[in-house]
Amino acid sequence: MRHAVAGPLFHSIGIFFVAVLFAACATAQHSSPSKGWPTGTPASVGLDAKVLTDLDADIAAGKYGYVDSLLVIRHGKAVYDRSYQHDYDRIYAKEAKEPGPLNAHDPSGPYNYFNPWWHPFYRRGALHTLQSVTKTMTSVIIGVATTRKEFPSIDTPILTFFDAAKVANIDERKRRITIRHLLTMTGGFDWNEQLPYTDPNNAAIQMEASADWVAFTINRPMAREPGTLFNYSSGESQLLAHIFRVATGQDIEEYAARHLFAPLGIQEFYWKRTPSGPVDTEGGLYLRAHDLAKIAQLFLKNGVWEGKQIVAADWVKASIAPSVKVGNSGIQYGLKWWLYPYGDGSHLAWAGSGFGGQIPLVFPEHDLVVVFTAWNTLGTGKRLSHREAIDRILRAVVKPQPATTKQ
């Protein structure tokens, strides 16, 4: 039965109800990280504001060189957000003009790492170079494609995706390299990236000076059995651009835009390409710090974003599970995620690591995401290491708080 109710009282109640409903909807929209991070104070999420303020002061004073931003997110709220201005036109004016390993082959383009039109911000805007954090993002995109059942098993041999007749230095070891080996930096290629990036003998610098980065890498001779030893190799990450395109029939940049960035509300990004065309999956992605934090938050929440499973929980688990030791440093490596032990050693901070000081950090036990961006490209002066960043952030945790699962 329907009841007809009339009069000014109902009219007032109706207006009140609509206003409350509108306010509730507006609040719900505002709380969506896809539309911008909700904000709070450090104290409201159990962080010591003074510790963060002291870190902020040290950064502003230049203790860690040229840091561009600091962003702290806990329980899904941005509670500390700072940016620092630097005159990169002046700071690297000399290096930008004098030929050297970091600019010789591309004096006016995106691979002159001292050109302020390209570095550290894309065209002097808000998009910041991620450098080798791009490797971690590439793994995330492969995880999305795997979740969507559009990417093969990562135990597939990589020569499956090449014309073997055109690949040099093939032996039984090269035939045994799998996608997993590329994701864990254990491919076994003869590759020396331990030298400074200012050294022209660095294999990554030589690759970037070549006309075809994929060919340069896949044609390298082998140095060891795949899967036996961690050896940092940007070339192994670059092979993933080619493999992704052949395996899925899609460009990894477009795939990321549609299936990762769009669901997270990431509307702006830039991704450099290599001379022969493939996306630079070893270091070419630019994002805003707030958007990089979204991807870290996605993994913190087991691949779920606002109720939708973007990356399978199993992929997240595999990505941050230690796969190989990084020398004798105590650091371990997952599927392109760096894993730093802290406290009594039983806890791991998940991290990306990019040339110049790009450091996204995830502390799963503390429901905490932190992003640093910087541009310290020369081997001089004090820099913020992952270890120090982890220690200084953890000092701000007043008391452990249980992680929330709701997005």
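Equivalent-ellipsoid semi-axes for segment 268-311 (Cα gyration tensor, √(5λ), whole Å, largest first): 26, 12, 8.
One equal scatterer on each Cα of segment 36-138, no solvent, Debye formula: the resulting log10 I(q)/I(0) at q = 0.14, 0.22 Å⁻¹ is -0.70, -1.18. Here GLU268 and LYS308 are evaluated by their C-beta separation; at R0 = 25 Å the FRET efficiency comes out at 0.75. Our analysis of segment 311-379 gives Rg over Rh at 0.99, with the two radii drawn from alpha carbon positions and Rh computed by the Kirkwood formula. According to the calculation over all Cα-Cα pairs in the chain, the P(r) per 10 Å bin from zero is 4, 21, 31, 24, 11, 4, 2, 1, 0 %. Counting beta carbons within 10 Å around each of ILE91, ILE243 and listing the fewest first gives the order ILE91, ILE243. Other residues within the sphere of radius under 13 Å centred on the Cβ of GLY303, judged by their own Cβ, net out at +3 (K and R +1, D and E -1).
Estimated from helical segments only, the mean residue ellipticity of the chain at 222 nm is -9000 deg cm²/dmol, where each DSSP H run of four or more residues counts as -39500 (n - 2.57). Note on segment 116-239: Cα convex hull, mean projected area over all directions, 8.9 nm².
Between TRP118, THR198, LEU335, the Cα set farthest toward the positive side of the dipole of the chain (charges on each charged residue's Cβ, about the Cα centre) is that of LEU335.
Can you tell me the length gained on complete extension of the stretch SER44 to SER153, counting 0.36 nm per residue apart and subtracting the Cα distance? 34.9 nm is the gain from fully extending SER44 to SER153. Across segment 257-278, the residues whose backbone nitrogen lies under 14 Å from the label position 7 Å along the beta-carbon direction of ALA211 are 275-277. Using the beta-carbon distance between ARG82 and HIS347 and R0 = 41 Å, what value does 1/(1 + (r/R0)^6) give for FRET efficiency, to the nearest 0.05? According to the calculation, E is roughly 0.95. Take the chain, connect every pair of alpha-carbon atoms lying under 10 Å apart with a spring to form a Gaussian network, then pick out the residue of HIS181, HIS105, HIS386 with the largest mean-square fluctuation. Comparing HIS181, HIS105, HIS386 in a Gaussian network model of the chain, the most mobile one is HIS105.
Annotation: the residues ILE310, ILE154, sorted from fewest to most other C-beta atoms within 10 Å of their own C-beta, follow the order ILE154, ILE310. Set against the 2.2 N^0.38 Å expectation for a compact globular protein, segment 170-282 has a Cα radius of gyration ratio of 1.13.
The charge dipole of the chain, taken about its Cα centre with unit charges on the Cβ of Lys, Arg, Asp and Glu (plus for the first two, minus for the last two), comes to roughly 860 debye.
Here, each number is a calculation from the coordinates, and none is a lab measurement. A quick note: this is a predicted structure, and the numbers were derived from the prediction, not measured. In this analysis, Cβ positions are derived from the backbone assuming ideal geometry, glycine residues included, and neighbour counts consider all displayed protein chains.
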